[in-house]
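For reference, the structure discussed in these notes is given below.
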Amino acid sequence: MNTASHLQPPSSATRDVAEQHMHTILARLAGPGAVPRADQLDAVHAVLQPASRVLVVQATGWGKSAVYWAATHAIRSTGAGPTLVVSPLLALMRDQVSAAERAGLKAATVNSTNIDDWDEVFQRLDEDAIDVLLVSPERLGNPRFAARLGALLARVGLIVIDEAHCISDWGFDFRPDYQRLARALLSTPTASVLATTATANERVTLDIGAQLQKATGGNTVTFRGTLARTSLTLSVVPDLSPLQRYAWIADALEQLPGSGIIYVLTVAEAERLTAF
């Protein structure tokens with residue numbers, strides 16, 4: 001069941017703006033017949049409130065990115081600054097740049113693989129020619145980027161924290177730099193902050209909400225839906241020796257229909273299993 005907490009009283013004007021920009025973005029991303037989910041509109045509306053703190057916990061494929069593209073589209077139409085998206089995965093970051101551009105937004109990224117492009121990206125930021133800047137959390141610790149962070153935070157209209165379970169005290173060990181991110185970004189008094197994740201139980205959801213509101217003392221608007229995916233099945237076969245695991249997989253590959261994922265502990269083990 002979807003839930004929303006601490007939502008401000010609705011403003012019909014802001015709601016109309018949210019709906020207009022949500023429809024525009026969905027039409028560009030999914031075709032003119034695309035219809036927004038009710039919670040997508042509510043989330044965009046919540047983000048458009050001044051200096052809001054919003055958490056969206058929804059399954060992969062629900063359309064969380066459409067929420068921040070629509071909010072960005074609306075915010076930029078008022079003349080406000082760009083959106084800063086913090087994303088932990090380089091492959092996902094490239095996909096997000098492509099998706100933002102399909103949504104009609106000018107997007108760029110600053111990460112460890114495109115250092116030679118940073119000066120051009122910074123110049124475009126200074127010229128207000130970028131709608132969305134995507135960065136990895138580690139950039140916040142890079143002196144070259146950190147030197148620009150204060151000026152950037154003074155201008156941005158929206159900060160998006162993707163994979164937000166990593167800022168939780170229960171999940172930060174995956175990417176410790178998310179703790180630096182929480183201190184550096186969440187305290188901005190002017191920009192709205194939107195955190196999104198598909199990986200958060202109730203305890204982590206509550207902790208993320210607390211992290212979002214800690215710096216400002218305000219409330220976090222939370223939209224949480226079911227994370228169960230009826231198309232996916234998860235199973236564990238316990239108590240097998242390493243040799244028995246390989247034998248089980250060999251048999252399963254011949255018998256199980258469809259496609260799937262086999263989890264192993266290390267890259268080396270993945271390579272060994274692939275070779276087998």
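Residues that are touching an Asp or Glu at 6+ places or on another chain (Cβ under 9 Å) and either part of a loop (DSSP other than H, G, I, E, B) or aromatic (Phe, Trp, Tyr) (or both) were ranked within segment 35-62; the one that is least open to solvent (accessible area, probe 1.4 Å) is GLN58.
Selection of segment 73-100 for residues being within 19 Å of HIS23 (Cβ to Cβ) and open to solvent by 30 Å² or more (accessible area, probe 1.4 Å) yields HIS73, ARG76, SER77, THR78.
Among the listed residues ALA70, ALA66, identify the single one that is open to solvent by less than 20 Å² (accessible area, probe 1.4 Å), under 13 Å from the mean Cα position of the chain (by Cα), closer than 23 Å to GLU19 by Cβ and among the small types (Gly, Ala, Ser). I'd like the intermediate steps shown before the answer.
On the way: ALA70 fails: under 13 Å from the mean Cα position of the chain (by Cα).
Answer to the check: ALA66.
Scanning segment 219-247 for residues that are surrounded by 14 or more Cβ atoms within 10 Å (Cβ to Cβ) and in a loop (DSSP other than H, G, I, E, B) yields ASN219, THR220, GLY225, LEU227.
If you check ASP131 against the conditions, is it open to solvent by 10 Å² or more (accessible area, probe 1.4 Å), in contact with a helix residue (DSSP H, G or I) (Cβ under 7 Å, 6 or more places away or on another chain), at pLDDT 90 or above and not hydrophobic (A, V, I, L, M, F, W, C)? Explain how you work it out, then say what you get.
On the way: open to solvent by 10 Å² or more (accessible area, probe 1.4 Å): yes; in contact with a helix residue (DSSP H, G or I) (Cβ under 7 Å, 6 or more places away or on another chain): yes; at pLDDT 90 or above: yes; not hydrophobic (A, V, I, L, M, F, W, C): yes.
It is true that ASP131 is open to solvent by 10 Å² or more (accessible area, probe 1.4 Å), in contact with a helix residue (DSSP H, G or I) (Cβ under 7 Å, 6 or more places away or on another chain), at pLDDT 90 or above and not hydrophobic (A, V, I, L, M, F, W, C).
Checked against (1) free of Cβ contacts under 8 Å to residues at least 60 places away in the same chain; (2) assigned to a helix (DSSP H, G or I); (3) of a type in the set (A, V, I, L, M), LEU134 passes all but a single condition, namely (2).
Tell me yes or no: at least one residue of segment 190-199 is in a helix (DSSP H, G or I) and at pLDDT 80 or above. Within segment 190-199, not a single residue is in a helix (DSSP H, G or I) and at pLDDT 80 or above. The conditions of being modelled with pLDDT under 80 and either out of contact with any Lys or Arg (no Cβ under 8 Å at 6 or more places or on another chain) or farther than 23 Å from ASP95 by Cα (or both) are met by ARG183. For the condition among the β-branched types (Val, Ile, Thr) and more than 18 Å from ASP162 (Cα to Cα), what is the one hit in VAL110, VAL35? Answer to the selection: VAL35. Among the residues of segment 186-226, those identified as within 24 Å of GLY81 (Cα to Cα) and small (Gly, Ala, Ser) are SER187, ALA191, SER192, ALA195, ALA215, GLY217, GLY218.
The values are calculated or read from the model by the stated rules, or taken from the named source; none is laboratory data. It should be emphasised that the depicted structure is a prediction, and the values quoted were computed from it without experimental measurement. Every residue, glycine among them, receives a Cβ derived from its backbone with ideal geometry; neighbour counts consider all protein chains shown. Ligands, DNA and RNA are stripped out before the accessible areas are found, and what is left, the full protein with its side chains, is counted by its heavy atoms. Shrake-Rupley method; radii C 1.70, N 1.55, O 1.52, S 1.80 Å.
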